[in-house]
Amino acid sequence: TTSLKRFQELGCNVWNKNMTDPAWLESPHNPVKDNDYMGRIYGAQWRDYCGVDDSVPLGESVIKHIDQLQVALDEIRKPMPGRRIIVNAWNPAELNQAVLPPCHVMFQLLPHRATNTLHMTMSQRSCDLFLGIPFNIASYATLLHLFARWAGYQAGTLTMFLADVHIYENHLMQVLEQLRRKPLLKPVFIYNPPSDYRTMNIDELVASIQPNSIGLRDYQHHPAIKAPMAR
């Protein structure tokens, strides 16, 4: 989605501060000029990546729209999936058309037929270690579990390549508090897909996800640690 209101309806408020940035609201690349349109962010790139169609003769400019998630799902469902299952959020032609350029720029799915396991790698260009990275770990772990189930695999490892990892000055006390805490037992990821999920396309699968279809069993946690978002 490119709608802030849609994120908020889902209980996600991580974009709220970005959307108040005058640089975006007054940008010539923001044609809507309101507090809802987020531009060509992750959802737009993953589901509607725009590039030159390489099937037309050289010199002709024809825009091709690619649903990268559907392409990835189709590939890992093949009997012999390839090694090029990459979803890319970094579109250089559209970086100024988003409220924030992508931080996590791409992920790759690595199916291993011999063990029936699906692995994932993710590359991130800029990493807010206290606020952002825990959110990114949870998000991509969930995405790995979903793709694995949809294609008939077991979820394997999630490997994240992190560049420019930083802790902001106004997060230092929160980091020290977190380091004093002892880790708790890990929960178990629960996903209850529709009965015919193995034949559903990506639109149908995404639409079928409800709040009660995904959860964590035996989830334990310490009290929340609040910190302001830094730009």
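Structural remarks
- Label zone at Asn170, where the point sits 7 Å out along the Cα-to-Cβ direction: the stretch 124-157 residues whose backbone N lies under 14 Å: 131
- Gain upon complete extension [Lys64, Asn96; 0.36 nm per residue less C-alpha separation]: 9.6 nm
- Calculated semi-axes √(5λ) of the Cα gyration tensor in Å (choose from (1) 39, 27, 17; (2) 32, 27, 12; (3) 29, 27, 17), label: (3)
- Listed residues Gln220, Leu100, Leu205: farthest to the positive end of the dipole of the stretch 93-231 (Cβ charges): Gln220
- Among the trypsin sites (Lys or Arg not before Pro) within the stretch 107-213, those in coil by DSSP and having at most 13 neighbouring Cβ atoms inside 10 Å are Arg113, Arg180, Arg181.
- Cβ-derived FRET efficiency at R0 35 Å, Asp34 paired with Phe161, nearest 0.05: 0.45
- Among the listed pairs Lys64/Lys226; Lys33/Lys64; Lys5/Lys182; Lys5/Lys226, those whose Cα-Cα separation exceeds 32 Å are Lys64/Lys226; Lys5/Lys182.
- In Å², nearest 10: area of Met200 left accessible to a 1.4 Å probe: 20 Å²
- Residues within the reach of a label modelled at Asp218 (point 7 angstrom out along Cα to beta-carbon, backbone nitrogen below 17 Å), restricted to the stretch 141-183, are 183.
- As a calculated quantity, the FRET efficiency between Ala207 and Asp53 at R0 = 30 Å, using C-beta atoms, amounts to about 0.60.
- About its Cα centre, the dipole of the stretch 1-136 is roughly 500 debye, where the only charges are +1 on Lys and Arg Cβ and -1 on Asp and Glu Cβ.
- Taking the Cα centre of the stretch 118-231 as reference, the dipole from Cβ charges on Lys and Arg (+1) and Asp and Glu (-1) amounts to some 360 debye.
The values are calculated or read from the model by the stated rules, or taken from the named source; none is laboratory data. Please read these numbers as outputs of a predicted model, since none were measured by experiment. Cβ: placed from backbone, ideal geometry, glycine included. Neighbour counts: every protein chain shown. SASA here: full protein model, heavy atoms, side chains in, ligands and nucleic acids out. Shrake-Rupley method; radii C 1.70, N 1.55, O 1.52, S 1.80 Å.
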